[in-house]
1. Can you confirm whether ILE118 is open to solvent by less than 50 Å² (accessible area, probe 1.4 Å), outside any helix (DSSP H, G or I) and not basic (Lys, Arg)?
2. Consider only pairs whose beta carbons are under 6 Å apart and that are at least six residues apart or on different chains; among these, list those whose first residue lies in segment 38-49 and is more than 17 Å from PRO101 (Cβ to Cβ) and whose second residue is charged (D, E, K, R) and open to solvent by 10 Å² or more (accessible area, probe 1.4 Å).
3. Name the pairs: first residue in segment 76-92 and free of Cβ contacts under 8 Å to residues at least 24 places away in the same chain and small (Gly, Ala, Ser), second residue in a helix (DSSP H, G or I) and open to solvent by less than 40 Å² (accessible area, probe 1.4 Å), Cβ to Cβ under 9 Å, at least 6 apart or on different chains?
4. If you go through segment 70-101, how many residues are of a type outside the set (Lys, Arg), at negative phi and either assigned to a loop (DSSP other than H, G, I, E, B) or open to solvent by 70 Å² or more (accessible area, probe 1.4 Å) (or both)?
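The values are calculated or read from the model by the stated rules, or taken from the named source; none is laboratory data. Keep in mind that this is a model prediction, so the values were computed, not measured. FYI the Cβ positions are ideal-geometry reconstructions off the backbone, even for glycines, and counts take in every protein chain you see. Heavy atoms of the whole protein, side chains included, go into the accessibility calculation; ligands, DNA and RNA do not. Shrake-Rupley method; radii C 1.70, N 1.55, O 1.52, S 1.80 Å.
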Amino acid sequence: MSEGDEPAEDALRWLRFARADLGAARQFLGDAAIPPHHACLHSQQAAEKALKALLRAHGIAFPPIHDLEQLHDLLPATSALPASRPHLDRLTDWHIEARYPGPWAEPTMADAEQAASIAAAVNDYVVGEFGRRGIAVE
């Protein structure tokens, strides 16, 4: 956050980046020439930035981590995702597995579709939380 930025303004910037990543993931799903790992990575980033946006809306500082469950656990109980939080652990895995080759299987199109669906659910939840906090989302 830049000096002088209000937490709501900063939170909206984070959310705008999250929504752009989600848009990229969805666009990649529609292009057979783009490998599924790109959609998986952007889905992970969309969920990560959305959670960080919600943390900023609460004025909560967060460490430079990519683990979505750890980020989620920083939220107050009143803003936590429902107990059946949507596979945040699986999205966290894509932060590495979608970026680098390794001993894991490459993501499939089904993996990419699931990742985008989870990221969309997280983003929708955060947008709803912004509304409940009186933060208008364009």
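1. Details: open to solvent by less than 50 Å² (accessible area, probe 1.4 Å): yes; outside any helix (DSSP H, G or I): no; not basic (Lys, Arg): yes.
Judged against the criteria, ILE118 is not a match.
2. HIS42/ASP21; GLN45/ASP21; ALA46/ASP21
3. Close Cβ pairs satisfying both conditions: ALA80/HIS72.
4. At the first step, the residues of segment 70-101 found to be of a type outside the set (Lys, Arg) are 70-84, 86-89, 91-98, 100-101.
With the extra rule that they be at negative phi, the set shrinks to 70-84, 86, 88-89, 91-98, 100-101.
Now narrow it down to the ones that are either assigned to a loop (DSSP other than H, G, I, E, B) or open to solvent by 70 Å² or more (accessible area, probe 1.4 Å) (or both): 70, 73-78, 80-84, 86, 89, 96, 98, 100-101.
Residues in segment 70-101 being of a type outside the set (Lys, Arg), at negative phi and either assigned to a loop (DSSP other than H, G, I, E, B) or open to solvent by 70 Å² or more (accessible area, probe 1.4 Å) (or both): 18 in total.
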